[in-house]
1. Does LEU72 fit the bill of being part of a helix (DSSP H, G or I), under 24 Å from the mean Cα position of the chain (by Cα), in contact (Cβ under 8 Å) with a residue 40 or more places away in the chain and assigned by the TED database to the domain that holds PRO146?
2. Pick from PRO31, PRO35, PRO44: which is open to solvent by 10 Å² or more (accessible area, probe 1.4 Å), within 18 Å of the chain's Cα centre (by Cα) and in the same structural domain as VAL184 (by the TED database)?
3. Can you confirm whether region 322-330 contains a residue that is under 12 Å from the mean Cα position of the chain (by Cα), at pLDDT 95 or above and of a type outside the set (Asp, Glu)?
4. Please go through region 258-280 and pick out each residue that is in contact with a strand residue (DSSP E or B) (Cβ under 7 Å, 6 or more places away or on another chain) and assigned to a helix (DSSP H, G or I).
5. Residue check: is ALA358 open to solvent by 10 Å² or more (accessible area, probe 1.4 Å), over 28 Å from LEU217 (Cβ atoms), of a type in the set (A, V, I, L, M, F, W, C) and in contact (Cβ under 8 Å) with a residue 24 or more places away in the chain?
6. Within region 224-238, which residues are open to solvent by 10 Å² or more (accessible area, probe 1.4 Å) and in contact (Cβ under 8 Å) with a residue 12 or more places away in the chain?
7. Taking only region 75-120 into account, find how many residues are of a type in the set (A, V, I, L, M, F, W, C), outside any loop (DSSP other than H, G, I, E, B) and over 13 Å from LEU150 (Cα atoms).
Amino acid sequence: MRGLSLLGLLLWGLSLAQASILYLPLDDRPPNWGPCAWERVACPPREVYRGPEGADLAALRAWLLASPGEKLVASLDALAYGGLLQSRHLALRAEDALARLGPLLSWKVRYGGELLLFGVVPRWDATQRQRNLAVLEALASWPGLPGVYLEAVWDDALRNSPAPREARALPYPSRPGADEAGQVLLLRALRPGLKVAVVYEDEALAERVTPYEGIPLRDTVMGLLQSALAQRVSLEEGPDLVLYVYGGRNPRKATHDLLRLMPRFPVALADLSRVNRGDPGLMAYLVGLGLYPRLASYASWGTPANNLGSALAQGGLFLKDPEGRLRRLAEAYFAYWWGEVGRPWVRARFPEPLPVEAQEVAALWPYLELEGYRVDLEGLRFPWERSFEAEARLGLTTLSLEFGGRARPTW
């Protein structure tokens, strides 16, 4: 178990996992593991997650049963299979997968906490699709238990994928997404009832069927709001947060929209212009006009549902935490930069699994200032030894006001 004895893990859980909210991520890729560094939740030790190898299931169960809490946000696929990648191809009977989920109910009986759970309807190329669906169908009675919320998210639904239809046939809520699901349920756990106004760059976007979702964008947005237990309101009703949905059609118009909205409301910006990459035209406006540091949140790293869910969750969770908000913006900018600069540079030069030399890409990191702080890229690693995702260690260095530091926003 990479240096963690079972006894040591139990003691770690008993001494440290006293937070009111526990979080059991889908895997240790940055979008899933990220909340463990946000100082909002208690998570398993990082060593329990082992990259592409999948989680150590015995250690994961031991941590869970040793960790009291008021609420638990948990991935079914992590406990049943070891993670998202393993869920697609691991040879395991449905009955055995269900047995591995038993500790969730044991935790509820032992500690009396609330369960907020999500399972993934597999994408088209998963060899164990039918087994995974059988497991999700067998959980039909769980949402009827007091204090249990369960939803299904479907993963990467290309054209004609059966996943949306399969998910909707389940007797509990479903929507597109996967890697943002933990963040969204954390928003449900920590700030239920958030009032959110949704503003589209162009109202026609709401009817567009977006890549990897298989349904109109408005349905994806509504599904995310329901997952977060957020309340949709109009601008006139005074939202806590505005979710701005950018489709990549007109960055200049979008900038004008933001200039109009941001003096009045916190704005979470979801950039859906490209899958796994943001719009450099829009980012140039945001940085050049000093708008980026004033956002409540930003996301462009994944599929439309990934970006919408991340922007919504981070915008809501850090509304009253100025430093936390800036740190999330720094991470989101790194993810944008990685898609636009870092990933192409690494892929052009190194085969996978990536060698240590691939970390030289850090020398390309640009100067970035956020509200009087310089963002430094202090370290870079590839947790799965591939170029798709990179994990950054970012530092915020204070700049004195005479050298151009900006005041923090007042909303």
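1. Values: part of a helix (DSSP H, G or I): no; under 24 Å from the mean Cα position of the chain (by Cα): yes; in contact (Cβ under 8 Å) with a residue 40 or more places away in the chain: yes; assigned by the TED database to the domain that holds PRO146: yes.
Against the criterion (part of a helix (DSSP H, G or I), under 24 Å from the mean Cα position of the chain (by Cα), in contact (Cβ under 8 Å) with a residue 40 or more places away in the chain and assigned by the TED database to the domain that holds PRO146), LEU72 does not qualify.
2. Exactly one of PRO31, PRO35, PRO44 is open to solvent by 10 Å² or more (accessible area, probe 1.4 Å), within 18 Å of the chain's Cα centre (by Cα) and in the same structural domain as VAL184 (by the TED database), namely PRO31.
3. So the first thing to find is which residues in region 322-330 are under 12 Å from the mean Cα position of the chain (by Cα), and the list is 328.
Right, trim to at pLDDT 95 or above and you get 328.
Now restrict to residues that are of a type outside the set (Asp, Glu): 328.
So far as region 322-330 goes, yes, one or more of its residues are under 12 Å from the mean Cα position of the chain (by Cα), at pLDDT 95 or above and of a type outside the set (Asp, Glu).
4. Once the filter is applied, which keeps residues that are in contact with a strand residue (DSSP E or B) (Cβ under 7 Å, 6 or more places away or on another chain) and assigned to a helix (DSSP H, G or I), region 258-280 yields LEU258, LEU261.
5. When the stated conditions are applied, ALA358 does not pass them.
6. Across region 224-238, the qualifying residues are GLN226, LEU229, ALA230, GLN231, ARG232, VAL233, SER234, LEU235, GLU237, GLY238.
7. Summing the residues that are of a type in the set (A, V, I, L, M, F, W, C), outside any loop (DSSP other than H, G, I, E, B) and over 13 Å from LEU150 (Cα atoms) in region 75-120 gives 11.
Let's see how each residue does on (1) aliphatic (A, V, I, L, M); (2) assigned to a helix (DSSP H, G or I); (3) buried (at least 24 other Cβ atoms within 10 Å of the Cβ):
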site: LEU282; (1), (2), (3): yes, yes, yes
site: GLY290; (1), (2), (3): no, no, no
site: TRP301; (1), (2), (3): no, no, yes
site: ALA311; (1), (2), (3): yes, yes, yes
site: LEU319; (1), (2), (3): yes, no, no
site: ARG327; (1), (2), (3): no, yes, no
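The values are calculated or read from the model by the stated rules, or taken from the named source; none is laboratory data. Values in this document were obtained by computation on a predicted structure and should not be read as measured data. Cβ sites come from the backbone with ideal geometry, for glycine too, and all protein chains shown count toward neighbours. Heads up: the accessible areas ignore ligands, DNA and RNA and are worked out on the full protein's heavy atoms, side chains in. Shrake-Rupley method; radii C 1.70, N 1.55, O 1.52, S 1.80 Å.
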